[in-house]
Amino acid sequence: MKKLLALVLALSTVLGLLAGCGAKENTAQPTTEDTANTETNDAPETTDDTAGTGTEETTDDSSAVVVDLTILKEADESMLNTYSMIAVNPEAPFTDADGNAVSDVTVNTAGADALMHWLLLPETLDLAANYGMEEYGNTLFYVLEDAPTYEGEIPAATDETKTIRLSTTTSVNDSGLLSYLLPQFEEAYGYTVEVQSAGTGKAIEAAKFGNADLILVHSKSQEEEFVNAGFARVIDGMETERVSFLYNYFVLCGPSADPAGVKDAATVLDAFAAIAEGKYPFISRGDGSGTHTKELSLWPAELGITEDPESFADYTDWYTSANAGMGACLVMAEEMGGYILTDKATFLTFVANNGVME
């Protein structure tokens, strides 16, 4: 009996060894499906001799985002982009969204004056002119040669004046200029600036509803309409309601391959004509912003493209009206391989952020 038990145990041991060998064979020879998965893996195993030592460094940058969108046309006279500040008149004919008159609007005139005066101090203008050089290696804004300046005192905030409502365009906000400048103003004088950011049309509309103390926008025709309608006032030391002080250029961007030949076009008007003729994807702000207004002025007149959706109903196979801010539209253009008109400041910020805009 003992001999029989010993024989059974020996046989079990041999079978176990054979099963183990079979298992090793199977793991050493991957199936065809396994091989296919390995070949398409975006993160292959390292073959570095130091692997597993705990001292290796990760050098794989495959997750880095590379922006293909590039500037193809800039510094054309038709692409000048001027920024202006306008203080809101507390006696303006404010209305609600339905056009009904509103009479209980309170405008912080003292706070608006303080912020506008601070932005026109020579040292503040220098800050704006140098913004972007350290981080982006490029000037994002320029000071107008005839920009007014202010050299008086800036009053500190009081309980009644400390909150300032600034309605502005996404182009200024997305570029990072305000997040760079405003904390310095707030820390020095005790104010809090509440920034509302939208396209110029909507930024101006907010002020017409009584929801802003001042506006910072970039569409001359809409600004003049705002002034002429009685919504603006002249602040101390200025000659006009509309105070223009900074500028940069709109730029026409597109995929680096540039299928429309935009880069070789003689003018930006010729470039827009080439995009339309070839029906290449174009992303429009479509939101009544200053950038949108400028874009509409650059299409060939015979196309008849305006703010009215019916005007481009036949072009929707290549013309996308996004009704969105500048950052969001740049992301769309990058994803769609399309062309887009943008301000240079926001574009350089977009590139520096690897195509991510919050």
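Here are some notes:
- Approximate shape of region 82-248 as ellipsoid semi-axes (Cα gyration tensor, √5λ), whole Å, largest first: 25, 18, 15
- Kirkwood hydrodynamic radius of region 248-358, Cα pairs, Å: 14.0 Å
- Proxy reagent accessibility, fewest Cβ within 10 Å first, across Tyr142, Tyr136: Tyr142, Tyr136
- Only beta bridges with both residues in region 82-248 are counted; by DSSP, about 55 percent of them are antiparallel.
- The alpha-carbon atoms of region 211-307 define a convex hull whose volume equals 146 cubic angstrom per residue.
- Sorted by Cβ density within 10 Å, fewest first, the residues Arg242, Arg285, Arg165: Arg242, Arg165, Arg285
- For Ala101, neighbours were defined as the other residues whose beta-carbon sits under 15 Å from its Cβ, and their charges (Lys and Arg +1, Asp and Glu -1) total -3.
- Cβ crowding within 10 Å averaged over residues, with 310-316, 197-203 ranked highest first: 197-203, 310-316
- Ranked by how many other beta carbons lie within 10 Å on average, peptides 339-349, 247-257, 225-235 from highest: 339-349, 247-257, 225-235
- Estimated FRET transfer efficiency (Asp98, Thr158; beta-carbon r; R0 41 Å; 0.05): 0.75
- Exposure proxy ranking, count of Cβ atoms within 10 Å, fewest first, for Trp118, Trp299, Trp318: Trp318, Trp118, Trp299
A short reminder: the numbers here are calculations on the coordinates, not readings from a lab. A quick note: this is a predicted structure, and the numbers were derived from the prediction, not measured. Here Cβ is always computed from backbone atoms with ideal geometry, including for glycine, and neighbour counts include all displayed protein chains.
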